[in-house]
1. Please list, ordered by first then second residue, the pairs with beta carbon atoms under 6 Å, 6 or more apart or interchain, first in region 90-112 and among the basic types (K, R), second not in a helix (DSSP H, G or I).
2. Quick check: is even one residue across region 196-209 open to solvent by 80 Å² or more (accessible area, probe 1.4 Å) and in contact with a helix residue (DSSP H, G or I) (Cβ under 9 Å, 6 or more places away or on another chain)?
3. Go over the candidates P188, P176 one by one and state the one that is surrounded by fewer than 14 Cβ atoms within 10 Å (Cβ to Cβ) and in contact with a Cys (Cβ under 9 Å, 6 or more places away or on another chain).
4. Going through region 174-221 one residue at a time, which ones are within 18 Å of E84 (Cβ to Cβ) and in a helix (DSSP H, G or I)?
5. Can you tell me which residues in region 72-86 are farther than 19 Å from K213 by Cβ and of a type in the set (G, A, S)?
Amino acid sequence: MVIDLDKCSGCQTWSLPAMQKTCGDHWTRKSAKGRTISWIELIPYIEGEYPHIKARLLPRPCMHCDHPPCTKVCPVNATYKNEEGLVAQINHRCIGCRYCTTACPYTVKYFNWYTPQWPKEMKGSLNRDVSIRTKGVVEKCSFCSHRLLKAREKVKAEGRDLLPEDYIPACVQACPSGAMYFGDLNDPFSAVSSLSRERRAFRLMEDLGTEPKVYYLSEGM
């Protein structure tokens, strides 16, 4: 994934398809305890030194690292790196030890402290392609891996190879400013591969050696 910070307006439209799992007063109580779940967060940060400073906003999904610390500490292989290179999660295998949340330097894994609740009126809008996670497991952004499974089944039925437009995460599809790009980094001709080699490209905490697969294009250059 590549996120162009020059295009990003901080509108958080992607929070609708990747929204928190709780609503109403229940969500408010969780928020007060710092126990909400978000697949992407908008992180504010400051550049420079006072008085010459500039405020920035950084969308932060799971980095889907090539060398993910979280997978190395999971005792039951509930989180692992799949054949596409995504850091996947088997929620119902998770035993809730939270080693992975501690190991992740990007703090993008969330523990499910409570039984998920939705108002009766919202139950019909739940995504039938995604199973409901239970209390006591860890969750995170999966780059909408359920969409990848559907795309695989579709192209298999049609007897063809997977094309870039067959699999796009919901956040990328929802972004109104076109600031988010998604594709195959191993393909030197793909849009994300080309953008990742731009002069503006950078990754978070590259010095840790995690090799995150989310790239950012810096602003104002």
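1. Going by the 6 Å Cβ cut-off, the qualifying pairs are R93/V76; R93/A78; R98/F111; K109/V138; K109/K140.
2. Yes: region 196-209 contains one or more residues that are open to solvent by 80 Å² or more (accessible area, probe 1.4 Å) and in contact with a helix residue (DSSP H, G or I) (Cβ under 9 Å, 6 or more places away or on another chain).
3. Working: P188 fails: in contact with a Cys (Cβ under 9 Å, 6 or more places away or on another chain).
The conditions single out P176.
4. The answer is A191, V192, S193, S196.
5. Selection gives A78 alone.
The values are calculated or read from the model by the stated rules, or taken from the named source; none is laboratory data. Note that the structure is a prediction, hence the values are computed from the model and not measured. As a convention, Cβ positions derive from the backbone with ideal geometry for all residues, glycine included, and neighbour counts pool all protein chains shown. Side chains are part of the model used for accessible areas, which takes the heavy atoms of the whole protein and leaves out ligands, DNA and RNA. Shrake-Rupley method; radii C 1.70, N 1.55, O 1.52, S 1.80 Å.
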